[in-house]
Amino acid sequence: MSEKILIVEDEEKIARFIELELTHEGYEISKALNGREGLEMAENGHFDLLLLDIMLPELSGLEVLRRIRKHSSIPIIMLTARDAISDKVSGLDMGADDYITKPFAIEELLARIRVALKRKPADSIYQNNVLEAGMLSLDTDSHQVTYDGEPIELTNREFNLLQVLLENKSIVLSRDTLLERVWGYDYMGETNVVDVYVYYLRSKIDDVVGEKIIETVRGVGYVIK
Ligand code: CA
């Protein structure tokens, strides 16, 4: 069965171009031309991935992203303008999986789509997809992290990072490995993004847990024991 992608983009030419290319690649495409329509379709339809423009009429792409992330971990790739760095950072902070800068080569978009789809949370047919470290627990089905039953709110990226660390408990993972597993092999940014997100995770988890869950192994990387 072909994977379903929703394109939310107000520039009709771009939306049409992406639609043609992705249809050609075998994806099933739906389109929305403003933020409100996009949000409605995303919430009522069953999509495998969202391509979400940031500059949208009626409801901005970031606002659409924020509302969808309240209850869904669907892979989302943001479409941004070349110089809108703060938009990219906000998008990633708010749980976008990736972003691509317009104008882009269609091959790059296709590669990012494949990576984002691969990172999709495990199939819901697995009933008990729970990873644990002490009383800290991460449920890949419900996309929830709890400590002693109390929920801890994480962004999508923080969640993915914690998931990879928990899946490899007691194994020290290098920054490069974490970068590849969480951000994808084609990530072009700074490698210190891993340190930044470990810092975010610690600030959200350690206070609740009362000890350091993620250990730094100097010169090597990070581990959860
Ligand atoms: Ca736009």
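The values are calculated or read from the model by the stated rules, or taken from the named source; none is laboratory data. For clarity, every value in this text was computed on a predicted model and none was experimentally measured. Glycine also receives a Cβ, built like all others from the backbone with ideal geometry; neighbour counts cover every protein chain displayed. Note: areas computed on protein heavy atoms with side chains; ligands, DNA, RNA excluded. Shrake-Rupley method; radii C 1.70, N 1.55, O 1.52, S 1.80 Å.
So how many residues does region 6-27 have that are among the aliphatic types (A, V, I, L, M), open to solvent by less than 70 Å² (accessible area, probe 1.4 Å) and away from the ligand (no atom under 16 Å from the Cβ)? Total meeting the criteria: 1. Cβ-Cβ under 7 Å, sequence separation 6+ or interchain: first residue in region 48-65 and on the phi > 0 side of the Ramachandran plot and modelled with pLDDT under 95, partner within 12 Å of the ligand (Cβ to nearest atom) and of a type outside the set (Ser, Thr, Tyr). Which pairs? If the second residue must be within 12 Å of the ligand (Cβ to nearest atom) and of a type outside the set (Ser, Thr, Tyr), the pairs left are Glu58/Asn34; Glu58/Gly35. Of the residues making up region 142-161, those that are farther than 14 Å from Ile205 by Cα and open to solvent by less than 60 Å² (accessible area, probe 1.4 Å) are His143, Asn156, Arg157, Asn160.
Looking only at region 76-104, count every residue that is under 14 Å from Trp183 (Cβ atoms) and small (Gly, Ala, Ser) and tell me the total. So the answer is 3. The set of residues in region 200-220 being surrounded by 12 or more Cβ atoms within 10 Å (Cβ to Cβ) and either part of a helix (DSSP H, G or I) or not assigned by TED's automatic domain parsing to the domain that holds Thr155 (or both) consists of Tyr200, Leu201, Arg202, Lys204, Ile205, Asp206, Val208, Val209.
Let's see how each residue does on (1) surrounded by fewer than 22 Cβ atoms within 10 Å (Cβ to Cβ); (2) closer than 21 Å to Phe104 by Cβ; (3) of a type outside the set (Gly, Ala, Ser); (4) away from the ligand (no atom under 12 Å from the Cβ):
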{"site": "Ile29", "(1), (2), (3), (4)": "yes, yes, yes, yes"}
{"site": "Asn34", "(1), (2), (3), (4)": "yes, no, yes, no"}
{"site": "Gly45", "(1), (2), (3), (4)": "yes, no, no, yes"}
{"site": "Asp48", "(1), (2), (3), (4)": "yes, yes, yes, yes"}
{"site": "Met55", "(1), (2), (3), (4)": "yes, yes, yes, no"}
{"site": "Glu58", "(1), (2), (3), (4)": "yes, no, yes, no"}
{"site": "Leu65", "(1), (2), (3), (4)": "no, yes, yes, yes"}
{"site": "His71", "(1), (2), (3), (4)": "yes, no, yes, yes"}
